[in-house]
Each structure stands twice: as structure tokens, then as C-alpha cells.
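Following: one structure in C-alpha cells, then a few remarks.
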Ligand SMILES: *Cc1c(COP(=O)(O)O)cnc(C)c1O
């Protein structure tokens, strides 16, 4: 006979009478929902224990690579470790559950955060005004180009095209085109920088402006940026700096001091937000004083100690994103900047630069190196030497996945054949960087000694090589329960 367990927690001392394990809710006798809409039988849901459910999700989370699993040196993407405490802040109900139509009086905390974040980003960039409305880097570029168009319209300038270097991120020409300009490409010099000769030859009275990435997508600083800006200003053009990767400049150089007129920063790259996989992003567009009236509405204003949304800006380009923007990304950026402080941010950039140059020094003998450093936050090498042996950069990238790390960005920038763009970021330790270098060395050796291993990689991932074009064009989005 089993002995019944009796718990009575209402009295001190030893437990006495039996308590029901858990109250079963009484079946509602009357329902507001008409009977024909009520279920007659319970839904067929998978029945599993909590332990099984937890294992299921933990295993799912490990099928794909992510920064919490291992090194993720995806160039241009700044896949740094994101402090978990920022996630806690972003989920605070006052931010996460704010109603999009909440009146300003009930959103003072959020408005203050937006206002203070704008001011901190003004300090970081050296510019007079910032908008946080664009939800991504590309959206900030379009916003900036619309501001450029507004500037020319106000002055009665007839402008038709925007210039950009051939190393530009693909979103740059797309944004220029979207804003109604023709995108014209400029050649780079052999040292990877914008060619001033090409610039002088291309610029004319119809040049609306230049979009330039600095540090460039090759990880190189455009040392002649002031001269470049001067040439554009000579035809009353504006210089737009793509500062998506601010990770090398924090506390070291302000874009405004380089002679550019506006720039965007990707909050989700430099200022902590887990990204990739199409998650929410946050753009920030910073502009010089005379362009501030053109920024999107509403603007956050302080009036008698209260924060409010101001719509009354007749020169504004209008609204580029609904409601408050991507608030969660702003909260993370705010926490990150406050937590690091000015000194901490400078240390971020100095460490990011040292890490990139250290990794470059460890691996530069393995690959062709089209440019010589010193590099900023990332560097680019070429797999031409391996291609000559029949193994392509894509194969080496796939092989790296076998070792629990991620591959670099490959085949970008387009001007480097068999490109590998490597950005370790400041959050990788010296040991992790040395381990990554050792893996690159191992893969390079395999290319020489057992190329088949590399050509058939990956061997250890749940899924091998996929048809990426087909996956993008005809995605199979079935929800699979089979594992449960
Ligand atoms: C990531 C990136 C962009 C685009 O940013 P999204 O947020 O992905 O739209 C633009 N330019 C550069 C240089 C980048 O690295």
C-alpha cells in the first residue's frame, strides 16, 4: 500500500491534512462565446514534459551559429558580444509595452531616453542633430539622401547624380537611386582608397553629393577625406559618410571633423543589439547644423522640463518610420553607451583595431594580400592563391563552419577577387583570435594537402551546402513538429 503524502501549509510545525495538488478551474457554465465557436475536443498539441521542451529549444538554438556559441568575425557586420543586461533593460515594460499611440505625457521616460541618446550620438559624431527614426542602416542612407535632395531643392540647385566608390556597400547605390539620383561609381586606387583623379574627373555642377564609407569596406581609413570633401563642396554638393561600422572611430575621430556633412551609424552593429537573421535594427542619421530642419518628424523636444513630440517642422522630409522607431534597439544603445562611458568607448575602438591588426599579422602569409595595412576594425585578404589549386573562398568558408566558428564575409567588397573580409571585434579574447588564426592555417594547409576535405565541407553542421538562391526565391517555411 502506498503511504499518502499529506501537506497542510496553513499551520506551523509538521504538515497535516491533504491539500489538492492544484486547483482545477471550474468549467464556465455560461460563456460569452457562442457555442458553435467553442472547441468540442482539446487541440492536438504535442504533449511533452518541461525538460523535453527546454531541450528542444536549446538544441534548436544550437543548430545555427551565433555569437554566444563562438567567434563570428563576419566583416562589416560587427558581430560583437552583446551584454545581456541590455536585454533586460530593453524588456522593461515601460519601454517594451509602450503603446504606439500613447500620449507624450505618459511616455516621458522613453522620450527622455530618445532625447539623451540623440545628444550622446551628437557628441560621438560631432554633428548638431540626430534622428533615430530609420530602422536600419539602409533606411538611414535613404533618409540622408532625402535630406540631401531637400537641401538642393531649397537652394534651387539642379542636381542629377551621386558619386560613390566601387568598394561601397550595395545599399549605397540603392539608396541614391531610391532618392531619385543616378548612382555613379568611382574607381579606387591600388592602395584601396578613393581615387582623387577619378573624383575630379567625375564631379561637375550636377553632382548632388558623394557617399563614402570611412573606414572603407576594405578596413582602410580614407586619409584624404578632407580633400575629398573639399572637392564635393566646390560644386555645392554634400558628403554623406556611411558610418555603419563606427567601431574603429569611437572617441578617436568624429565624422564632423573630417569635413563630411552627415553620416549614419548602425546602432545594431556598434552599440549592442543582437543582429543578423533579419532581426530589428536601428539607424541613426547625424547631420550638420543647417540640415537639422530637414530631419524627419516628429522630433523629440524638451519644453519646460517636459518631453514632447514636435510635428511642426515645415522643411522636414516627413516621416520615415512609424511611431517611435525601433525602441528596443535604442534602449540597448543607450545602456551600452552609458555603461561604457567616453573612455570605455574609446577602449572599444582601440581594442577592435588592435584585434583586427593582430589577426591580420597572424594570417597574412597564408593568403594574397591586395592591400597593406594598417587596418582599422577589419581587414580583407584574397583567396586567389587557393583558387589556383582549385579550392575557392566559399569552400574555405564552409570548412571553417566545421570547427564551431563562423566564416568571414566572403566575396565582398566586390573589387577584391575571392575576398575574405575579417572583423574579429573587440570582444574576442587574444586566445580566441589565436585559435581562429590556427583554424585558418589548418584550412590553408588542407587546401594544399587534402583539398577534397575542404571541397566537400561542411562535414559537422546539421545541414551541408544549401542551394542559397533557391532558398531565397522559394523558401520552404513549414513549421516542423516532427522533432517533438
Ligand atoms: C551593414 C552596412 C550597411 C547596411 O546596414 P543595414 O542595417 O543592414 O541596412 C550599410 N553600409 C555598410 C558599410 C554596412 O556595413
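Bear in mind these aren't lab numbers, they're just calculated from the coordinates by the rules spelled out. All figures in this text were calculated on a predicted structure; none of them were measured in a lab. Here the Cβ positions follow ideal geometry from the backbone for every residue, glycine too, while neighbour counts run over all protein chains shown.
Please report, for the Cα atoms of region 388-484, the Rg to one decimal and the Dmax as a whole number; what are they, in angstrom?
Rg then Dmax for region 388-484, in Å: 15.7, 47.
Can I get the semi-axes of region 419-460's equivalent ellipsoid? Compute them from the C-alpha gyration tensor as square roots of 5 times the eigenvalues, in angstrom, largest first. Mind dumping the intermediate values first?
Values: eigenvalues 111, 24, 20 Å².
Semi-axes, largest first: 24, 11, 10 Å.
Could you work out how far apart the two model spin labels at residue 429 and residue 205 are, taking each label as a point 7 Å from the Cα in the direction of the beta carbon, and quote it in nm?
6.4 nm
Could you work out the mean projected area of the convex hull around the alpha carbons of region 171-324, in square nanometres to one decimal?
On the way: hull surface 45.2 nm².
Mean shadow area of the hull around the Cα atoms is 11.3 nm².
What FRET efficiency comes out for residue 128 versus residue 302 if R0 is 25 angstrom and r is the Cβ-Cβ distance? Round to the nearest 0.05.
Working: r = 16 Å, r/R0 = 0.64.
Efficiency, from the Cβ-Cβ distance: 0.95.
When only alpha-carbon atoms count, how far does the chain stretch along each of its three principal axes, as whole angstroms with the largest first?
The principal-axis extents, from largest down, are 95, 71, 49 Å.
Could you tell me the largest-minus-smallest coordinate of the C-alpha atoms of region 266-325 on each of the three principal axes, in descending order and whole angstroms?
38, 25, 21
Set the Förster radius R0 to 25 Å, insert the Cβ-Cβ distance between residue 119 and residue 99 as r into 1/(1 + (r/R0)^6), and round the FRET efficiency to 0.05.
My answer for the efficiency is 0.45.
Give the residues of region 392-424 whose amide nitrogen is closer than 17 Å to a point set 7 Å from the Cα of residue 364 in the direction of its Cβ.
Those under the cut-off are 420-424.
In nm, give the distance between the simple-model label positions of residue 197 and residue 182, each being 7 Å from the Cα along the Cα-to-Cβ direction.
2.4 nm
Extension gain residue 461-residue 350, at 0.36 nm per residue separation less the Cα-Cα distance, in nm?
Values: separation 111, 0.36 × 111 = 39.96 nm, distance 3.45 nm.
Stretched out fully, the residue 461 to residue 350 stretch lengthens by 36.5 nm.
Under 8 Å for C-alpha pairs, at least 6 residues apart: give me the relative contact order for the chain, rounded to a whole percent.
On the way: 845 pairs, mean separation 90.7, N = 484.
Relative contact order of the chain: 19 percent.
Roughly speaking, what is the stretch gain from residue 37 to residue 470, that is 0.36 nm per residue apart minus the C-alpha to C-alpha distance, in nm to one decimal?
Numbers: separation 433, 0.36 × 433 = 155.88 nm, distance 4.07 nm.
The residue 37-residue 470 span can extend by a further 151.8 nm.
Between residue 402 and residue 87, what is the FRET efficiency for a Förster distance of 25 Å, r being their Cβ-Cβ separation, to the nearest 0.05? Don't jump to the answer; show the numbers that get you there.
On the way: r = 30 Å, r/R0 = 1.20.
Efficiency, from the Cβ-Cβ distance: 0.25.
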